[in-house]
Every structure is written in C-alpha cells, then in structure tokens.
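Notes for the one structure printed next.
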Amino acid sequence: MHTPLCGHASGAPEEYVQHAIAVGLKEIGFSDHAPLLAYQDPGIAMDIAQLPLYHQMIETMRAKYADQITVRVGVEADFLPGFEDGTRQMLAAYPYDYVIGSVHFIAKWGFDDPIQLTEWDQKDVNEVYREYFKLVRQSALTGLFDILGHIDLVKKFNFHPTEDMTDEIQANAEAFRTARVVIEINSSGLHKPAGEIYPALDHLKVYRAHGVPITFGSDAHKPVQVGRDFAKARDWALAAGYSEYVMFEKRRIVRTVKL
Ligand code: ZN
Ligand code: FE
C-alpha cells in the first residue's frame, strides 16, 4: 500500500486502513516508495525529508486501529546497482517490518513508467527481459530486501519476448532460494495492459518448486485498491502448488498461514 507521499498515490492512510477493514483483512502493511538515491523525482518516490512523516503517519494508524487490524510498516525500495550502501543506510535509519525490493529501472530507463513508454520501441524486447531478470536476481543477492516485488514487472505494457526465458527464471529461483528472500504475488498486474498477476503462473511454479515463500500485495495506490483481487491472487498461488504464505514483523517471518 502506498501513500500520497510518493507523489502518484491518492487517499489518506486512514482511508486505506478503513478499506482494508471493510474488505475483511486482518493484517496490512504500508510500503510506499522509498527515496530514490540515484534520481530525484517527487512524482515517483518519497523524499528523504518525508520519512519522519511517513513513519509518524503509519504509527498513528497502527495505534488508532490496533483493536481492529494489525498495521505493519514496510517500504518499497528500488534496487539501484551502485547504490547498495546508501540503500542499506537509508533502510537502517528506521524500524521496518519488511522491505520490498523492486526493480523499476534498467540503467536510467524507467521501463514501467508510462512517460517513458516510447523507449520500448528502440529496444530489443528479449534483451530487456534478460536485463530485467538479471537485475531481479542481483537484487535478491544483495541481502537488502526481505520480499521481492512484482518480479515480472517487465511485462506491464504487454511487450513479450520471443525467446524462451526458462533459463532466466530457473536462475532467479535458485538465487531467491540462496538469498532466502520471499516473493510477492501482486494483483495489480490484472489492471495493467499485461492483464495478469505478477508473476506469471509458469514462473510461480518454478519458484514453488524451489521452495521460495510468498506474500500477497495489491500494490494499492488508492484506498479502494487495498486487497483488490486477492481471491484471484490466492487461486494463482494454489494453482502454482503453494499451500501457505508468510507474514512479517521486524524484518523476520513470524508466521506461516494456510491458504
Ligand atoms: Zn507506485
Ligand atoms: Fe513497484
């Protein structure tokens, strides 16, 4: 779940919490876009100076709704090669229940940014996919992140490779297992041009075969999107062979829950 602090989400944190309660969720977490250390863009991510307010807002919600729902504080941090130390310092400055690591950039290209969509026309889609999957693999191995977010985000605009990517997915599954990271089943892809949950079902089966645990995210950028399509996300997990998912507190898996 995001907050308006990232510059492209709307609705007060309280509305997100209230919608979560209304749809019957028992535990949620905010995970707004952490400050981008390599780029400055108030329409993409929070600024360092906003972090105290971010934590204060969530703490207020956590306390106010404690008897109705558990509210966790997370963050979605970009994997930016070369900025690992800065990212580590930024994440250590506040207590988090979980950190989601995401790849939104290939070099300086924000490949999932609608404003940078035309750049796809100049690219070799197979190469973009291979570069993307390699970055996801590297992000896992940094040890910076607890959960990897939307791990085939590269499909967002419905550009698909002509080459078989099985080797990339196998390599990623092995890296995830080695790094002991958890992956996110993200329902927001259903509402993007790709029209499919992240990650693809055939990928998820490979991750399942490697014993990589899962969490669920709706990647809400508006209150009504909280928990959206979670029934479909659950079915997706079941279809891949999963029987449980995990819950985080203080950057550790504290519970495993039956699907
Ligand atoms: Zn966002
Ligand atoms: Fe993201």
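Restricted to the stretch 102-135, and to residues that are farther than 16 Å from Asp152 by Cα and basic (Lys, Arg), which residue is farthest from the chain's Cα centre (by Cα)? The selected residue is Lys123.
Candidates are the residues of the stretch 241-259 that are touching a residue at least 24 places away in the same chain (Cβ under 8 Å) and outside any strand (DSSP E or B); the one that is surrounded by the most Cβ atoms within 10 Å (Cβ to Cβ) is Tyr242. Residues in the stretch 91-116 that are in a loop (DSSP other than H, G, I, E, B) and touching a helix residue (DSSP H, G or I) at 6+ places or on another chain (Cβ under 6 Å): Tyr94, Val103, Gly110, Asp112.
The residues listed here are Ala220, Ala179; of these, the one that is open to solvent by less than 10 Å² (accessible area, probe 1.4 Å) and out of contact with any strand residue (DSSP E or B) (no Cβ under 7 Å at 6 or more places or on another chain) is Ala220.
Condition check ((1) out of contact with any strand residue (DSSP E or B) (no Cβ under 7 Å at 6 or more places or on another chain); (2) of a type in the set (S, T, N, Q); (3) part of a loop (DSSP other than H, G, I, E, B); (4) crowded, with 18+ Cβ neighbours inside 10 Å) across all residues:
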{"position": "Ser10", "(1), (2), (3), (4)": "yes, yes, yes, no"}
{"position": "Ala77", "(1), (2), (3), (4)": "no, no, no, yes"}
{"position": "Gln89", "(1), (2), (3), (4)": "yes, yes, no, no"}
{"position": "Thr118", "(1), (2), (3), (4)": "yes, yes, no, no"}
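Looking at Pro81, is it closer than 22 Å to Pro223 by Cα and surrounded by fewer than 21 Cβ atoms within 10 Å (Cβ to Cβ)? So Pro81 does not fit the description; no.
Mind checking which residues of the stretch 108-124 are more than 14 Å from ligand 2 (Cβ to nearest atom) and either of a type in the set (Val, Ile, Thr) or at pLDDT 95 or above (or both)? First the steps, then the outcome.
Residues of the stretch 108-124 more than 14 Å from ligand 2 (Cβ to nearest atom): 108-109, 115-124.
Selection gives Trp109, Ile115, Gln116, Leu117, Thr118, Glu119, Trp120, Asp121, Gln122, Lys123, Asp124.
In the stretch 39-70, of all residues being in a loop (DSSP other than H, G, I, E, B), open to solvent by less than 40 Å² (accessible area, probe 1.4 Å) and of a type outside the set (Phe, Trp, Tyr), the one that is farthest from Gly82 (Cα to Cα) corresponds to Ile69.
Taking the criterion of being farther than 23 Å from Asn158 by Cβ and either open to solvent by less than 10 Å² (accessible area, probe 1.4 Å) or within 16 Å of ligand 2 (Cβ to nearest atom) (or both), would at least one residue in the stretch 194-208 satisfy it?
First, the residues of the stretch 194-208 that are farther than 23 Å from Asn158 by Cβ: 208.
Retained after the next criterion (residues that are either open to solvent by less than 10 Å² (accessible area, probe 1.4 Å) or within 16 Å of ligand 2 (Cβ to nearest atom) (or both)): none.
No, the stretch 194-208 contains no residue that is farther than 23 Å from Asn158 by Cβ and either open to solvent by less than 10 Å² (accessible area, probe 1.4 Å) or within 16 Å of ligand 2 (Cβ to nearest atom) (or both).
Please determine, by comparing only the residues of the stretch 12-38 that are open to solvent by 60 Å² or more (accessible area, probe 1.4 Å) and in a helix (DSSP H, G or I), which one is farthest from Leu80 (Cα to Cα). Residue satisfying both the conditions and the ranking: Ala22. Filtered by the rule that a residue be within 16 Å of ligand 2 (Cβ to nearest atom) and touching a Pro at 6+ places or on another chain (Cβ under 9 Å), the stretch 55-77 gives a lone residue, Ala77.
Does Pro161 satisfy being open to solvent by less than 60 Å² (accessible area, probe 1.4 Å) and touching a residue at least 40 places away in the same chain (Cβ under 8 Å)? Answer is no for this residue.
The values are calculated or read from the model by the stated rules, or taken from the named source; none is laboratory data. Predicted model, so just to flag it, every value in this text is computed and none were measured. Glycine gets a Cβ as well: all are built from the backbone with ideal geometry, and neighbour counts include every protein chain shown. The protein model used for the area step is the full one, side chains on, heavy atoms only, and it has no ligands, DNA or RNA in it. Shrake-Rupley method; radii C 1.70, N 1.55, O 1.52, S 1.80 Å.
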